[in-house]
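Take a look at the structure below.
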Amino acid sequence: MSGQSCVRYLHISEIPDQYSIGIFVFAPYSRIPLHDHPDMCVLSRVLYGDLQRISLDLAREDDGGFAFDSNAYGDKSRRTSWLGSWWNKMESFRTKLPKGTKHAYKNHVDYLQAPDVTVLYPYEGNLHEFVAGPDGAAVLDVLLPPYDNTQNRDCTFYEIQEISSSWPKPSGKDPCFIIPTGQPEDFHCISGQYRELGEGDDFE
């Protein structure tokens with residue numbers, strides 16, 4: 001599969017509606033594209049290798065606008081005039097994008113190496129993308145609760161729609177839109193088995 005990204009997944013354990021545990025094994029420079037974890041917490045530990053991580057916070061929306069600290073913008077009349085106008089512009093722009101588009105904030109790109117541990121929450125860091133380094137990597141993932149499309153916890157892939165840098169940044173972070181894309185054609189996640197772990201094809 002030249003030019004494509006293939007990641008192996010070793011399933012370890014799962015109790016529905018409580019947790020699932022598994023290991024993602026990355027070939028050199030392979031990636032898991034930007035995706036979300038609806039209403040979930042996820043603990044990830046790098047077992048070996050290193051990865052670049054892009055993460056985004058999901059906006060806490062209030063009447064269609066970005067979440068913000070109202071005390072940071074002066075008196076009510078000022079907030080009503082310029083920030084209210086900004087909200088209206090943002091929402092008008094979002095409605096012209098594909099269905100399922102959401103507001104988010106970009107975090108700094110960071111670099112993880114074994115044995116680093118990261119945690120994401122329903123809003124903080126809820127979307128992320130991993131790209132392995134030249135030696136590949138493995139990541140242990142604990143999902144609380146696990147994905148379950150019958151409970152509206154399905155995995156959705158996104159791409160980032162940038163917003164003009166001239167627009168305000170209520171949280172101090174870079175706002176953006178995330179647009180659902182479906183699973184990218186160049187990404188494949190394949191169930192694997194290593195000794196007693198996982199299911200599917202054996203690999204070393």
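Within segment 29-58, being more than 9 Å from Glu129 (Cβ to Cβ) and among the charged types (D, E, K, R) holds for Asp36, Asp39, Arg45, Asp50, Asp57. Checking every residue in segment 44-58 against the condition of being assigned to a loop (DSSP other than H, G, I, E, B) and at pLDDT below 95 gives zero matches.
If you go through segment 138-145 one residue at a time, do you hit one that is at pLDDT below 95 and touching a strand residue (DSSP E or B) at 6+ places or on another chain (Cβ under 6 Å)? Looking through segment 138-145, none of the residues is at pLDDT below 95 and touching a strand residue (DSSP E or B) at 6+ places or on another chain (Cβ under 6 Å). What number of residues within segment 7-66 are touching a Phe, Trp or Tyr at 6+ places or on another chain (Cβ under 9 Å), without any contact (Cβ under 8 Å) to a residue 60 or more places away in the chain and surrounded by fewer than 16 Cβ atoms within 10 Å (Cβ to Cβ)? Final tally of qualifying residues: 4. Filtered by the rule that a residue be of a type in the set (Asp, Glu) and either more than 13 Å from the chain's Cα centre (by Cα) or assigned to a strand (DSSP E or B) (or both), segment 101-136 gives Asp110, Asp116, Glu129, Asp135. The residue that is nearest to Val25 (Cα to Cα), among those in segment 145-162 that are over 15 Å from the mean Cα position of the chain (by Cα) and surrounded by fewer than 17 Cβ atoms within 10 Å (Cβ to Cβ), is Asp148. Modelled with pLDDT of 95 or more and part of a loop (DSSP other than H, G, I, E, B), is that true of Pro98? Here the answer is no, as Pro98 does not meet what is asked.
The values are calculated or read from the model by the stated rules, or taken from the named source; none is laboratory data. It should be emphasised that the depicted structure is a prediction, and the values quoted were computed from it without experimental measurement. Quick reminder, even Gly has a Cβ in these numbers, built from the backbone with ideal geometry, and neighbours come from all protein chains shown.
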